[in-house]
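J.: Sending over a structure as C-alpha cells; questions will come in a sec.
The values are calculated or read from the model by the stated rules, or taken from the named source; none is laboratory data. On a predicted model such as this, the values are computed, not experimentally measured, just so you know. Ideal geometry is used to build each Cβ from the backbone, glycine not excepted, and the neighbour counts take in all protein chains shown.
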Amino acid sequence: MDRNTEIPRLTSASAPWLDDPSARAVCAAIAAGGHEVLYVGGCVRNALLGQPVSDVDIATAATPDQVIALVEAAKLKAVPTGLDHGTVTVVSGGTGFEVTTFRRDVATNGRHATVAFSTDLHDDARRRDFTMNALYADPDGVVVDPLGGLGDLRARRVRFIEDADRRIREDYLRTLRYFRFHAWYGDDDEGLDPDALAAIGSNLSGLETLSAERTGAEVRKLLSAPDPSVAMAGMQQTGVLPVILPGADIKLLLLVIAAEAHLGLLPDALGRLFALGATDAADRLRLSRAEARKLDRIASVVESGMPLLETAYRHGEDVALQSYLFACALSETLPDPTIPPRISAAAGQVFPVSAQDLMPAFTGPALGAELARLEALWIASDFTLTRKELLDL
C-alpha cells in the first residue's frame, strides 16, 4: 500500500498511549534530530483491534548512537539493551520504551539474524513476520501501512509477509508464532492460511533447533488464548505438535476448552497443557518450578482418584478445578455449573481440630493417627462436622 494513501488515524480513545507524556517525550526527542519516528507492531495492531496494549515499541530511521545522543540531550535516560540489533531502551517518566532502528536482514540461520541499519521503512517492514505486525503509526496517530497489512488485520487473517517459506527459514520460531497469532487474532471461520500451512509442513525439522525456553514461551501464550482449538488442530495436522511435544494429542484438550466455555471460566494454560498428555512437557517447555509442581499435582490427583472436594481442600481450588475439567473431558460430559462454587468453598475450609485438642489423651504416632481419622470423617461430612462433634467422636 502506498504510504500516501489515506488510512486510519488512531485516537487517544483507541490508543491511550498516544497521549502518554512519557512516550511523546521520546518521540519528540528523536524527531528533533530530523529523523522519522513511528510507533510499531503490537501497540498499533491491538489499538486498531480495540484490544489492550501491554508494550509500546518505537521504530526510527535514527541509528542507535543518534538515538542515545538525542534522548540524552532531552534529559532522558538511554540504556543500550541491544545495540547489535539496533535497540536502545529509553527511560522516560519511569517507563522504558524500546526504540529500534529500521533494519534489514543481512543473514539468517533459523534462530538469529545479522542485520544492517536502514533509513527505509519498507526494509524494516519486510523483515517482520506477519503483515498485521508490519503496521506503524506516527506520533499523531496516523497509521502507516507499507505492506498492506491493514486489510489482513481487518479480515483477521494471519499472513506471512511475502514468501512464507522464507520467513519461516529466517526464524523457525515463526511457525509457533503463526499458530499463536491465529489463536489470538485470527478468524476461525476462515480457517488457517493454506500457504502458511504448506510452508510450516515443509520446515518441521527446524523446530528441533529451537530452545526449550523459546518454545515454552510461545506454547504458554498459545494455550492462554480464549479458544485455541483451530490453531491446535492445525498444529496437530501439520505435524508441529508431535515435534515440540511428543505424545501430545488435542482430543481431550478440545473437550477441556469446551468445558471451560460452558462454565464461563478463564483459560488455564497449565490445565490445558495437562490435557494434551505430552511426554516430559515440563522439560520440553522449560516450565518454572511452580508450573511443574502444579502440573504434577494435577497428574497425581487424577491418577489417585482423590474425591473432588478433598482435592480442593488439600491442593487448592485451581488444581481441583483443572482435575474436574479433565474428568469431564474423559467422560465426554459437560461440567455441572454447581460444582465450581463447591470447589471454591472446599478450598477455603480449615480443619477445626488441632493436636492440642487431643492431648494428652493421644501422643506420638497415635496422635497423628487420630488427627487423620477425624479429618477424614470431617471431609466425608462435606466439612459440616463441628469441632465439638469431632471431639465427641
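Quick grid of which residues meet (1) in a helix (DSSP H, G or I); (2) of a type in the set (S, T, N, Q); (3) closer than 20 Å to Gly41 by Cβ:
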| residue | (1), (2), (3) |
| --- | --- |
| Val158 | no, no, yes |
| Asp165 | yes, no, no |
| Arg174 | yes, no, yes |
| Tyr178 | yes, no, yes |
| His182 | yes, no, yes |
| Gly191 | no, no, no |
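J.: May I ask you to list the residues in region 134-146 that are surrounded by fewer than 20 Cβ atoms within 10 Å (Cβ to Cβ) and of a type outside the set (Val, Ile, Thr)?
T.: Asp138, Pro139, Asp140, Gly141, Pro146 - these are the residues of region 134-146 that are surrounded by fewer than 20 Cβ atoms within 10 Å (Cβ to Cβ) and of a type outside the set (Val, Ile, Thr).
J.: Next question. Out of the residues in region 33-52 meeting the condition of being surrounded by 18 or more Cβ atoms within 10 Å (Cβ to Cβ) and either of a type in the set (A, V, I, L, M, F, W, C) or not assigned by TED's automatic domain parsing to the domain that holds Gly141 (or both), tell me which one is farthest from Gly148 (Cα to Cα).
T.: Val37
J.: What about Val144, is it hydrophobic (A, V, I, L, M, F, W, C), modelled with pLDDT of 95 or more and under 26 Å from Val37 (Cβ atoms)? Walk me through how you get there before you give the answer.
T.: Details: hydrophobic (A, V, I, L, M, F, W, C): yes; modelled with pLDDT of 95 or more: yes; under 26 Å from Val37 (Cβ atoms): yes.
In short, yes.
J.: Filter region 345-373 for residues that are touching a residue at least 12 places away in the same chain (Cβ under 8 Å) and either farther than 19 Å from Leu308 by Cα or of a type in the set (Val, Ile, Thr) (or both); which is surrounded by the fewest Cβ atoms within 10 Å (Cβ to Cβ)?
T.: For region 345-373, the residue satisfying everything is Ala355.
J.: Filter region 18-56 down to the residues that are assigned to a helix (DSSP H, G or I) and polar (S, T, N, Q) and list them by number. Reasoning before the result, please.
T.: The initial filter retains those residues of region 18-56 that are assigned to a helix (DSSP H, G or I), namely 18-19, 21-31, 42-49.
Within region 18-56, Ser22, Asn46 meet the criteria.
J.: As an exercise: evaluate Leu285 against (1) crowded, with 17+ Cβ neighbours inside 10 Å; (2) without any contact (Cβ under 8 Å) to a residue 24 or more places away in the chain and give the number of the one condition it does not meet.
T.: With respect to (1) crowded, with 17+ Cβ neighbours inside 10 Å; (2) without any contact (Cβ under 8 Å) to a residue 24 or more places away in the chain, Leu285 is out only on (2).
J.: Look through Gly264, Gly239 and report the one residue that is outside the structural domain of Thr279 (by TED's automatic domain parsing), surrounded by fewer than 22 Cβ atoms within 10 Å (Cβ to Cβ) and on the phi > 0 side of the Ramachandran plot.
T.: On the way: Gly264 fails: outside the structural domain of Thr279 (by TED's automatic domain parsing).
The match here is Gly239.
J.: Identify, please: which residue in region 286-309 is aliphatic (A, V, I, L, M) and out of contact with any helix residue (DSSP H, G or I) (no Cβ under 7 Å at 6 or more places or on another chain) and is, among those, farthest from Tyr324 (Cα to Cα)? Explain how you work it out, then say what you get.
T.: Step one: of region 286-309, the residues aliphatic (A, V, I, L, M) are 287, 290, 292, 295, 298-299, 301-302, 306, 308-309.
Imposing the further condition that a residue be out of contact with any helix residue (DSSP H, G or I) (no Cβ under 7 Å at 6 or more places or on another chain) reduces the set to 290, 306.
Numbers: Ala290: 20, Met306: 11 Å.
This residue is Ala290.
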